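Enquirer: Supplied in structure tokens, the structure appears directly below.
The values are calculated or read from the model by the stated rules, or taken from the named source; none is laboratory data. Treat the numbers as computed from the prediction; the structure is a model and nothing was measured. All Cβ positions, glycine included, derive from the backbone under ideal geometry; neighbour counts span all protein chains shown. Note: accessible area is taken over every heavy atom of the protein model, side chains too, but ligands, DNA and RNA are not part of it. Shrake-Rupley method; radii C 1.70, N 1.55, O 1.52, S 1.80 Å.
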Amino acid sequence: NHSSVTEFVLVGFTNLQELLFGIFLLTYITTLVGNLGMIILIRTNSQLHVPMYFFLSHLSLMDICCSSSITPKFLSGLLVERNVISFNGCITQFYFFAVFGTTEAILLAVMAYDRYVAICEPLRYLVAMPHGVCVQLVVGCYAAGSLNALVHTSGLLRLSFCGPNLVNHFYCEMPPLLLLSCSDTWLNKTVMAVCVGFIITISVLAIVVSYSCILLAIWNIRSAEGRHKAFSTCTSHLMVVALFYGSAAFLYLHPFSRHAEDQGKTASVFYTMVTPMLNPFIYSLRNKEVRSTLRR
């Protein structure tokens, strides 16, 4: 690594910083309280010790970790005139955000498979999804996230940064960092497009196949109450999937350009702050068991 740049300046949002600080601080506190509350509810209620809520607790953990890898530094940067982050700090922030973001993307696909087994094979649900299998699936999600992050972080470390150090973003992310490198970034862009495209394609395909089978199973349910119950267990997950994958696809599959950077910052707000805040409310407001546990 022949980088001469030892620090980066995160440009972020340059207007209405005091107002943005208040809004995003409230968003972050709500994210922590909502997701920690969801984890505590699931751990303290024995009726929620089933695969669906086991995966949901790890989704809440990922939301906390993903938001915490970005938001504290972003909030502190809104209070200073020049938001500086060291080179090593920038690379570290990118690594952990990539780990948690990738893990959550794959975990959402695993949760879709879990819903498929629960609805299409209800009598075999606890046999097909024992705790050991659930743990293995979650560990696989973490391992895949760590591997993906390691690939991209290693690619960043091979680049040289010898020119401008103004990152047109509020955290260290791959696309704006590549625009600052004075090395050839073709390989990094190609690897990122391939990896992100593969992860999103495989995950979305697993979700689509799972829910196609679920819809066929629901169609064969004769009672309206049974169909409504089956739908209610799926709509929350589908809403979370739409929020997460929609913003992620726009952020990573958008063309590399200065104009795309400005649009990417807006998409990143949903990806890193809004979606983690909304997830526990989407699940709790639409889930009878969680609402009952919360009231007790």
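Enquirer: Can you find even one residue in the range 183-190 that is under 16 Å from Q93 (Cα atoms) and among the aliphatic types (A, V, I, L, M)?
Expert: no
Enquirer: Right, here's the next one. May I ask you to list pairs of residues, at least six apart or on different chains, whose Cβ atoms are under 7 Å apart, with the first in the range 71-85 being over 18 Å from I23 (Cα atoms) and the second being open to solvent by 50 Å² or more (accessible area, probe 1.4 Å)?
Expert: Going by the 7 Å Cβ cut-off, the qualifying pairs are V84/E7; I85/E7; I85/K73.
Enquirer: Within the set of pairs 6+ apart or on separate chains, which have a first residue in the range 148-164 that is over 14 Å from V5 (Cα atoms), a second that is open to solvent by 20 Å² or more (accessible area, probe 1.4 Å) and of a type in the set (F, W, Y), and C-beta atoms under 7 Å apart?
Expert: A149/Y95; T153/Y95
Enquirer: Now for a different question. Could you list, in sequence order, all residues of the range 1-17 that are touching a residue at least 12 places away in the same chain (Cβ under 8 Å), surrounded by fewer than 12 Cβ atoms within 10 Å (Cβ to Cβ) and among the polar types (S, T, N, Q)?
Expert: Of the residues in the range 1-17, the ones touching a residue at least 12 places away in the same chain (Cβ under 8 Å) are 1-13, 17.
Next, only the ones that are surrounded by fewer than 12 Cβ atoms within 10 Å (Cβ to Cβ) stay: 1-2, 4, 6.
Within the range 1-17, N1, S4, T6 meet the criteria.
Enquirer: Somewhere in the range 121-138, is a residue among the acidic types (D, E) and open to solvent by 30 Å² or more (accessible area, probe 1.4 Å)? If you could, list the steps in order and put the result at the bottom.
Expert: The first filter runs over the range 121-138 and keeps only residues among the acidic types (D, E), leaving 121.
Those left that are additionally open to solvent by 30 Å² or more (accessible area, probe 1.4 Å): 121.
Yes: the range 121-138 contains one or more residues that are among the acidic types (D, E) and open to solvent by 30 Å² or more (accessible area, probe 1.4 Å).
Enquirer: Is there a residue being open to solvent by less than 40 Å² (accessible area, probe 1.4 Å), within 30 Å of E7 (Cα to Cα) and among the aromatic types (F, W, Y) anywhere in the range 166-176?
Expert: Yes, because at least one residue in the range 166-176 is open to solvent by less than 40 Å² (accessible area, probe 1.4 Å), within 30 Å of E7 (Cα to Cα) and among the aromatic types (F, W, Y).
Enquirer: Across the range 18-53, what is the number of residues that are open to solvent by less than 40 Å² (accessible area, probe 1.4 Å), part of a helix (DSSP H, G or I) and either among the aliphatic types (A, V, I, L, M) or touching an Asp or Glu at 6+ places or on another chain (Cβ under 9 Å) (or both)?
Expert: Total meeting the criteria: 12.
Enquirer: Test F8 against the criterion of being among the aromatic types (F, W, Y), part of a helix (DSSP H, G or I) and over 20 Å from the mean Cα position of the chain (by Cα), and give yes or no.
Expert: On the way: among the aromatic types (F, W, Y): yes; part of a helix (DSSP H, G or I): no; over 20 Å from the mean Cα position of the chain (by Cα): yes.
Answer is no for this residue.
Enquirer: Being at pLDDT 70 or above, open to solvent by less than 70 Å² (accessible area, probe 1.4 Å) and of a type in the set (S, T, Y) is the requirement here; does S268 meet it?
Expert: Criteria met by S268.
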